[in-house]
Amino acid sequence: MDTLQDVVIGKGDLDKKGVYANRDFKKDEVVIQYHLTSLTEEEFQKLPDIEKMFTHVHWGTINLYSVPERYVNHSDTPNTYQDLIKRCDIALRDIKKGEMITGDATKDDIS
């Protein structure tokens with residue numbers, strides 16, 4: 001799946017950007033496949049502050065999220081959930097074209 005065709009970047013809260021569905025998605029379908037970059041603590045410290053906002057720790061490893069996954073905005077009622085094993089966001093329900101893709105940011109960091 002080419003996620004940059006399936007989703008588009010628009011207005012949102014993360015660096016004034018958000019991710020929107022560019023087609024309909026069915027419940028349980030992969031919406032965004034992650035392209036994470038693992039960082040050492042030293043590499044993390046050298047990042048500009050704006051880039052640090054797009055990092056999360058998964059099982060002790062610092063990961064830098066790339067585009068488009070870095071712009072998935074938080075919602076208390078998200079329409080996707082993170083599968084950190086498969087490195088993707090999966091639809092919790094059907095998502096219509098044009099709808100903002102949201103996740104639960106409180107579950108971003110896993111020990």
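Taking the condition of being over 16 Å from Val7 (Cα atoms) and not in a strand (DSSP E or B), how many residues in the range 94-110 meet it?
If we filter the range 94-110 for residues that are over 16 Å from Val7 (Cα atoms), which is where we start, we get 104-110.
Filter once more, so that each one left must be not in a strand (DSSP E or B): 104-109.
Residues flagged as over 16 Å from Val7 (Cα atoms) and not in a strand (DSSP E or B) within the range 94-110 amount to 6.
Listed residues Lys27, Lys11; which is of a type in the set (D, E, K, R) and part of a strand (DSSP E or B)?
Numbers: Lys27 fails: part of a strand (DSSP E or B).
Of the residues listed, the single one that is of a type in the set (D, E, K, R) and part of a strand (DSSP E or B) is Lys11.
Give me the pairs: first residue in the range 13-35 and on the phi > 0 side of the Ramachandran plot, second residue crowded, with 16+ Cβ neighbours inside 10 Å, beta-carbon distance under 7 Å, and six or more apart or on different chains, which are they?
Every condition considered, the pairs that remain are Asp28/Ile90; Asp28/Ala91.
Any residue that is of a type outside the set (Asp, Glu) and at pLDDT below 95 - is there at least one of those in the range 44-51?
Step one: list which residues in the range 44-51 are of a type outside the set (Asp, Glu), which gives 44-48, 50.
Those left that are additionally at pLDDT below 95: 50.
Yes, there is a match, as at least one residue in the range 44-51 is of a type outside the set (Asp, Glu) and at pLDDT below 95.
Collect the residues in the range 30-59 that are touching a helix residue (DSSP H, G or I) at 6+ places or on another chain (Cβ under 6 Å), part of a loop (DSSP other than H, G, I, E, B) and not hydroxyl-bearing (Ser, Thr, Tyr), keeping them in residue-number order.
Of the range 30-59, the ones touching a helix residue (DSSP H, G or I) at 6+ places or on another chain (Cβ under 6 Å) are 32-34, 54.
Among the residues that remain, those that are also part of a loop (DSSP other than H, G, I, E, B) are: 34, 54.
The one that is touching a helix residue (DSSP H, G or I) at 6+ places or on another chain (Cβ under 6 Å), part of a loop (DSSP other than H, G, I, E, B) and not hydroxyl-bearing (Ser, Thr, Tyr): Phe54.
Does His56 satisfy the criteria of being at pLDDT below 95, over 9 Å from the mean Cα position of the chain (by Cα) and buried (at least 17 other Cβ atoms within 10 Å of the Cβ)? Break it down into steps so the answer makes sense when it comes.
Values: at pLDDT below 95: yes; over 9 Å from the mean Cα position of the chain (by Cα): yes; buried (at least 17 other Cβ atoms within 10 Å of the Cβ): yes.
So His56 fits the description; yes.
Kindly indicate whether Lys17 is of a type in the set (D, E, K, R) and within 13 Å of the chain's Cα centre (by Cα).
Working: of a type in the set (D, E, K, R): yes; within 13 Å of the chain's Cα centre (by Cα): yes.
Considered against the rule, which asks whether it is of a type in the set (D, E, K, R) and within 13 Å of the chain's Cα centre (by Cα), Lys17 comes out as yes.
Each row is one residue, and each column tells you yes or no for (1) touching a residue at least 60 places away in the same chain (Cβ under 8 Å); (2) closer than 16 Å to Gly103 by Cα.
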residue	(1), (2)
Gln45	no, no
Trp59	no, no
Tyr71	yes, yes
Ser75	no, yes
Pro78	no, yes
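Quick check on the range 20-45: of everything there that is among the basic types (Lys, Arg) and within 15 Å of Ile90 (Cβ to Cβ), which residue is surrounded by the fewest Cβ atoms within 10 Å (Cβ to Cβ)? Give the derivation first.
Filtering the range 20-45 for residues among the basic types (Lys, Arg) gives 23, 26-27.
Checking which are within 15 Å of Ile90 (Cβ to Cβ) leaves us with 26-27.
Values: Lys26: 9, Lys27: 11.
For the range 20-45, the residue satisfying everything is Lys26.
Could you look through the range 94-105, keep only residues that are out of contact with any His (no Cβ under 8 Å at 6 or more places or on another chain) and of a type in the set (Val, Ile, Thr), and pick out the one that is surrounded by the fewest Cβ atoms within 10 Å (Cβ to Cβ)? Don't jump to the end; show me each part of the working.
Kept after step one, since they are out of contact with any His (no Cβ under 8 Å at 6 or more places or on another chain), are these residues of the range 94-105: 94-101.
Retained after the next criterion (residues that are of a type in the set (Val, Ile, Thr)): 95, 101.
On the way: Ile95: 23, Ile101: 27.
Restricting to residues being out of contact with any His (no Cβ under 8 Å at 6 or more places or on another chain) and of a type in the set (Val, Ile, Thr), the top hit is Ile95.
Output the residues belonging to the range 59-93 that are among the small types (Gly, Ala, Ser) and either loosely packed, with under 12 Cβ neighbours inside 10 Å or more than 14 Å from Leu14 (Cβ to Cβ) (or both). Before the answer, list the steps.
Pass one, the range 59-93, residues among the small types (Gly, Ala, Ser): 60, 66, 75, 91.
Once the filter is applied, which keeps residues that are among the small types (Gly, Ala, Ser) and either loosely packed, with under 12 Cβ neighbours inside 10 Å or more than 14 Å from Leu14 (Cβ to Cβ) (or both), the range 59-93 yields Gly60, Ala91.
The values are calculated or read from the model by the stated rules, or taken from the named source; none is laboratory data. The structure displayed is predicted, hence computed values, not measured ones. No Cβ is skipped: glycine too gets one built from the backbone with ideal geometry, and neighbour counts run over all protein chains shown.
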